[in-house]
Amino acid sequence: MDQVTRGWLIYELTNSALQLGLVRGVQAIPFLLLSPVAGSAADRYSRKTQVLLAQIAIGVLYAATALLIFTSLIQPWHVYVTAVLLAIVQVFLQPARAAMISDAVPAGNLTNAIGLNAVIFNVARSTGPALAGMLIAISNTGGAYFVQAVFFFLATLWTVQLRSAPPASGRSHGQPAHRESFGQSILEGWKFSWRNDVIRTALLIVMFASLFIVPFTTLLPVFARDILKVGATGQGLLLAAMGVGALCSSVLIASVGDRLPRGLLMLGGVMCYGLVNMLFAASPWFGLSMVLMAIVGVCHVHSHALVQTVIQSHSPSEFRGRTIAIFHMSQVVLTVGAMIFGVLSSAIGAPAAVASMGAVGAFTMIGMYIALPRARLIR
């Protein structure tokens, strides 16, 4: 819902495709500077507490944004400031929440649990954007942000009822994790992630996808309003179609994830993602664009949910928060990519920007397939 609402709000206030990229770009700094700290905190302290505090903060930010819109005081700089604050909070929310899934299930069920989490996430991806589009049409962006605030406060009430897991008690070189400094803890997490071939390959795949392919959604307001002529409701439906495709792919991972050739699916899925982006950029029809967005959703799971499954499956508990934090640093790359998409769109138009970046992303995966033969063997 936030993706639809924030993009529509900044485009409404500025009428600038460049601003669509910049409002994502400003979120790069918190992810760049704080992700390692957040990952170490998730491995050292209560993950449930970290999630609770983050959810409360996000609810407050959404409520404040809704109030600014309802009182007609909203300015573009408000959208940027709340985007940065939201990114800071999400940096600490994501690794703790993801690691809690691994804490809750036996190792043998981890792939299925992460797949099930992706199913739930993509149910929300299917319904949230469409709901946001309808709310924007009915009550402007203020109504959409008010509903988001309510949802986060409800999520906080349910999170309180979860049983707390103890902080990760893993050791590094024989020393308890809580006796390490934050700097040492961060460094050990980076060393482990780089030395593990599987995790390193999975991280490279998600970073390339986040730079060249995934940020195309930043320009969806341009496609929805100016090319396909379907407005905010149409943009919500496009993202909902993407969510439906992602949901189908997530169900597959949750059901038979352990039996899938993950390496081939990650590389092939991201390559197809880039190719489908090229087709979406050329589509003049809303119906065809909806079908292509559903296929994009299938590919998106391979570039993110499946990558996260591989990373968590190959990370011991004491390193899981830190490896997930590095995975979520793809948000930094994503925001850089969003800025590039915005600049390219201003220079050569949104369709050409999406098509050219999709082509580069697809060829990058082909290069990885050739240069890293071990990547094909990841299970």
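The values are calculated or read from the model by the stated rules, or taken from the named source; none is laboratory data. Predicted model, so just to flag it, every value in this text is computed and none were measured. Positions of Cβ are backbone-derived with ideal geometry, glycine not excepted, and every protein chain shown enters the neighbour counts.
Within region 146-166, track down each residue that is over 23 Å from VAL244 (Cα atoms) and either crowded, with 18+ Cβ neighbours inside 10 Å or at pLDDT 85 or above (or both).
PHE146, ALA149, VAL150, PHE153, LEU154, THR156, LEU157, TRP158, THR159, VAL160, GLN161
Return yes or no: is VAL160 under 25 Å from VAL298 (Cβ atoms) and of a type in the set (A, V, I, L, M)? Steps first, please.
Values: under 25 Å from VAL298 (Cβ atoms): no; of a type in the set (A, V, I, L, M): yes.
Answer is no for this residue.
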MET329 meets each of (1) more than 16 Å from the chain's Cα centre (by Cα); (2) modelled with pLDDT under 90 with one exception, condition (1)
Tell me yes or no: at least one residue of region 108-123 is buried (at least 21 other Cβ atoms within 10 Å of the Cβ), modelled with pLDDT under 90 and among the small types (Gly, Ala, Ser).
yes
Somewhere in region 22-36, is a residue of a type outside the set (D, E, K, R), buried (at least 19 other Cβ atoms within 10 Å of the Cβ), part of a helix (DSSP H, G or I) and at pLDDT 90 or above? no
Flagged pairs (Cβ under 9 angstrom, 6 or more apart or on separate chains; first in region 223-241, within 16 Å of PRO284 (Cβ to Cβ) and touching a residue at least 40 places away in the same chain (Cβ under 8 Å); second among the charged types (D, E, K, R) and assigned to a helix (DSSP H, G or I)) are GLY234/ARG225
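Restrict the check to region 74-92 and report whether at least one residue is outside any helix (DSSP H, G or I) and over 22 Å from LEU334 (Cβ atoms).
As a first pass, look at region 74-92 and keep what is outside any helix (DSSP H, G or I): 74-75.
Now drop any that are not over 22 Å from LEU334 (Cβ atoms), which leaves 74-75.
Yes; the residues of region 74-92 include at least one that is outside any helix (DSSP H, G or I) and over 22 Å from LEU334 (Cβ atoms).
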